[in-house]
Structures are given as structure tokens and as C-alpha cells.
Amino acid sequence: MTAQPADDLRQLLPADMAARVQSLRLADGVVTLVLDGAGLDGDGRAALEAGAKAVLSAAPGVSEVRVGIVADRDAPPPAPKGPLILAVGSGKGGVGKSTLSANLAVALARMGVRVGLVDADIYGPSQPRLLANEGRKPEAKDSKMFPVPSRYGVSVLSMGHLIEDGRAIAWRGPMVSGALGQLIDAWWGETQVLVIDLPPGTGDVQLTMVQKHKPAGAVIVSTPQDLALMDASRALNLFEAAHVPVLGLVENMAGYVCPHCGNVSDPFGCGAVEDAAKRLDMPFLGRVPLDMAIRLGSDAGEPPAAGEGPQTEAFAAIARKLLPWLATQGVTPEKG
């Protein structure tokens, strides 16, 4: 059967449900639907989600339906509780998103911003290794955890701090979403910005983030490959559908300088993410090279953003581009 266009899918919904549609997108058989849940209690929202899934799942060409329910876009924003949330996402794995998250947090901390970091990749946590605080368990008070400090001025919480090293986590969506909530709703104290290292994709964790924790902004990371850019566009669509401002795109693994001859090559291409940003009329935040020093430093728990040299500057340049936006959110660095 032929897949129906998104507009046709909207027509399948009952009139009262269709009136609540804020965004409906169809890509590769996956429907991403954002509904306005204003005026509904928990049971009403659950019924709304179940009804939408039942209708759209039966449509030709639809293999999966993802539903997000948010407040009315015209409603006044709630008073801020805790630190400003900055999500770092990607459409696929292997693009260096966790490395970018850690180094962006460190770069902002060096500029005087009080930064915390949540490793939301529940199944594959890596931030304890990147920030050299593996093996440390967070303390807790009143069922809320205290983040684990690092020597780079960034406190961290990760499932890697809570489970044995190498142990697999076999959890379904609700358990993962609950774990994410505990990491974010911790004792962050005077933290100004909470960087969230999201797992790749647009699944349960991402939907929980945009629905319940509502980031103030998002950064998307991609390599220059066409396939990576295709997946990054899905992450972009998810944030836009949930009215989370995308602050810009970062191109990772762009340009390799041979340590022996000094020649520059581009095994994954170069410039495609910047071109995509121009095409989408979005900011291009910067480019991080494919560099052995970044890989070695990350494996050793020594983030390049904490040192000196061209690798450090690559991350610092991205952080500097975010400072004007942070200022509009009331975040002022304490120094520099």
C-alpha cells in the first residue's frame, strides 16, 4: 500500500483531536505527532495519546507512531526551576556527540559559566570516562542525588556512576524515562546551565526530554556524510515540532591533518554541515577536526577543551558562539 501524505493523515483524526495538532510529520514510515494537551489532566492526555496512535497506526505506510503532548504554545512559560537545560542531540550514533557535549561543558566552565552535565545515554553512558570520574558513586539526600564533581569544573550524573562497569542495562522505555528524570531532577545547586548529552535518535528519551524537561535550546551534531545529515534532520524536526529552539549545527570529524606529512584530508567530507545550516537558515556553530589528540585525550579522561592548542580552540569557539544566547536567558559568566 502507498503511504499517505502527512496532510492526509491529519484528515484521519477526529475533529476534536485534529484541532489539537501542533505538528505532524511523516518520514520513512514514522509519524511524529505533537499535540496540544492544554486543559487535560493525566488521564486525558493518556487517552489523547492512545487515541492518536490507534488511528494513525492503521494508516497505510505507517510503521510507527510517536506522540508528544505539550502545553499550549500561547500559554505563559512556567517559572524556571533549576538550571537552564541545553540539549545536545544527533540523529545517529558515532558522530562524536558525547565528546562534543563534554568538551562544550568544559569550555563553558572555563569561561565562567557554572555548568553541569547529564549523560542521558542510559544504555551507553560515556561521560564518566570522558571526565575522569569513573567509579565514583553519587551521594543522595531525600531521594535526590548529588552530581559527581570532576576536576574540570563540571559536575556530572550518569548511569555509568550507578551501575557496575560493563554491565548491560535491559530496560524498557518507561524505566529509561524515569532514570533520566532522576538524573535531571538532582541537587544541582548553583548550576546555571545543564548540558544534556542525549542518546542518538528520536525515541522515548528524546520525547521525555522535550515533553517533561523542556530544554531552553538544543545543539545538533553531525559528521559531513550525507547519511549522518539525513539523520540529523530528523533530530532537528523533533526539536522544532516541540518548539525547542535549535541554536545551531556543529560539524564533527571534519579535516584530518597527517601527523607525518602535514597534509590535510577529509575522509568524511568537509563543509556539508555548514552548507546544510545555510540552506536551513540556521546558525553554524563551528567545526571540530578529526584529530588523534582528541581521541586519545577523550579515552584518557583528559578533554581537549581543558588544555591548550588548536583542539582546545575548536571547542572554545563553539562555546563563545553560545554566550550571546545564554545572556538572553539570564546566564552571565562569572569571569572572562
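Things to note:
- Any chance D16 is over 30 Å from P310 (Cβ atoms) and modelled with pLDDT under 85: no
- Restricting attention to segment 291-336 and to residues that are part of a helix (DSSP H, G or I) and among the acidic types (D, E), the residue that is farthest from E134 (Cα to Cα) turns out to be E313.
- Residues of segment 239-253 satisfying the condition of being aliphatic (A, V, I, L, M), modelled with pLDDT under 85 and open to solvent by 10 Å² or more (accessible area, probe 1.4 Å): M253
- Matching residues in segment 204-217 - criterion: being at pLDDT below 80, open to solvent by 10 Å² or more (accessible area, probe 1.4 Å) and of a type in the set (A, V, I, L, M, F, W, C): V205, L207
- Members of segment 295-333 that are buried (at least 17 other Cβ atoms within 10 Å of the Cβ) and among the hydroxyl-bearing types (S, T, Y): S298, T312
- Pick from segment 45-60, criterion of a type in the set (A, V, I, L, M) and part of a loop (DSSP other than H, G, I, E, B), ranking: least open to solvent (accessible area, probe 1.4 Å): A59
- Candidate set: segment 19-44, residues that are of a type in the set (G, A, S) and either in contact (Cβ under 8 Å) with a residue 40 or more places away in the chain or over 14 Å from R66 (Cα atoms) (or both); chosen: the one surrounded by the fewest Cβ atoms within 10 Å (Cβ to Cβ): G42
- Condition met for W187 (among the aromatic types (F, W, Y), modelled with pLDDT under 65 and open to solvent by 30 Å² or more (accessible area, probe 1.4 Å)): no
- Hey, A71 surrounded by 13 or more Cβ atoms within 10 Å (Cβ to Cβ), under 24 Å from P245 (Cα atoms) and modelled with pLDDT under 85 or not: yes
- Put simply, of G201, G181 the only residue that is modelled with pLDDT under 75 and either assigned to a loop (DSSP other than H, G, I, E, B) or surrounded by fewer than 21 Cβ atoms within 10 Å (Cβ to Cβ) (or both) is G201.
- Matching residues in segment 21-62 - criterion: being in contact with a Pro (Cβ under 9 Å, 6 or more places away or on another chain) and at pLDDT 85 or above: G51, V55
The values are calculated or read from the model by the stated rules, or taken from the named source; none is laboratory data. What you see is a predicted model, and the numbers here were worked out from it, not measured in a lab. No Cβ is skipped: glycine too gets one built from the backbone with ideal geometry, and neighbour counts run over all protein chains shown. The protein model used for the area step is the full one, side chains on, heavy atoms only, and it has no ligands, DNA or RNA in it. Shrake-Rupley method; radii C 1.70, N 1.55, O 1.52, S 1.80 Å.
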